[in-house]
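The values are calculated or read from the model by the stated rules, or taken from the named source; none is laboratory data. Worth saying up front: this structure is predicted, and the values here are computed from it rather than measured. Glycine gets a Cβ as well: all are built from the backbone with ideal geometry, and neighbour counts include every protein chain shown. Calculation scope for accessible area: heavy atoms of the full protein, side chains included, ligands and nucleic acids excluded. Shrake-Rupley method; radii C 1.70, N 1.55, O 1.52, S 1.80 Å.
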Amino acid sequence: AYCQTIGLGYSPLKGNQFLSFAISKGLKTDILLQLGLIAEDEKQPGKYYDFYRGRLMIPQRDRYGRILTFTARSIDSYIKYLNGKDCLIYKKNKTIFGIDVALKAARQAGKVYLVEGAPDVMRLQSIGIGNAIATLGGTWSETQLNEFSKFGCSICFIPDNDVPKDGSKFGVGDQFVFKNGKTALE
């Protein structure tokens, strides 16, 4: 039920089913290209293909529930995530994953949980912790952090439980909190 509620989907590994569907509905390839939903074949200019292939598709919404872009989780590729590209309707440093659900819950609870990624938000929201949000990339901008300051919410960072590597004292999750916590304090 949760997967249907948030609109999870899957993009097939082969073929250009999205492109074919979009063209059949009269959508123009130049708009789809600007939005990052299709890409141009480098070897065959003028030929396009579905940008997202063989991936779990996760919609990125604005605070009003409108889909702005997607983050796409690989099923078997070495590139784990593909995020939507900046365009007229989506700016990575301005949007917040899960804000459409989290805003109301954060107002009621008086706090918001900042986690590292979309799967963390989806897991927390699916078990009833609606006031969880994330960026698509791990770094919080001042613009994103200021979104919640006007609602008087406390901010609580929840790091991933990463093991420190390469002689570091802290794991990547803790480093995420230190870096973004500094920005939040400023």
Revision key, fill the gap. Under a 1.4 Å probe, counting only protein heavy atoms, Thr5 has an accessible area in Å², nearest 10, of 110
Study note, to complete from the structure: Put Tyr90, Tyr49 in order of accessible area, largest first, probe 1.4 Å, and you get Tyr49, Tyr90
Exercise for review: Mind listing the long-range amide H neighbours of Lys111? Cut-off is under 5 Å, sequence gap 5 or more, other chains count too, H placed in the peptide plane at 1.01 Å from N.
Suggested key: Ser154
Revision key, fill the gap. Cross-link reach from Lys182 to lysines, straight Cα distance under 29 Å and at least 8 residues apart if same chain, gives Lys80, Lys85, Lys91, Lys92, Lys94, Lys104, Lys111, Lys150, Lys165, Lys169
**Study point:** Phi-based couplings in Hz for region 77-90 (Karplus 6.51, -1.76, 1.60; Gly and Pro marked x)
**Key:** 9, 6, 8, 4, 10, 10, 9, x, 8, 4, 7, 4, 9, 9
Exercise for review: For Leu136, list long-range residues whose amide hydrogen, built 1.01 Å from N in the peptide plane, is under 5 Å from its own amide hydrogen.
Suggested key: Phe97
Practice item. Would you work out which of Ser24, Ala134, Gln44 lies farthest towards the positive end of the dipole of region 1-148, given +1 charges on the beta-carbon of Lys and Arg and -1 on that of Asp and Glu, about the Cα centre? Key: Ser24
Review point. Cα atoms only, region 1-97: Rg and Dmax in Å?
Key: 13.6, 42
Exercise for review: Keeping all protein chains in position, work out how much accessible area Val112 exposes to a 1.4 Å probe, and write it in Å² to the nearest 10.
Suggested key: 0
Check your understanding: Whole-Hz Karplus ³J(HN,Hα) for region 2-14, in order, using 6.51 cos²θ - 1.76 cosθ + 1.60 and θ = phi - 60°, x for Gly and Pro?
Key -> 4, 4, 5, 4, 8, x, 4, x, 9, 9, x, 5, 10
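Using only the Cα atoms, what convex hull volume per residue in Å³ does the chain have?
Value for the chain: 151 Å³ per residue.
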Review point. So how do Glu142, Glu40 rank on accessible area, 1.4 Å probe, biggest first, that is with the largest at the start?
Key: Glu142, Glu40
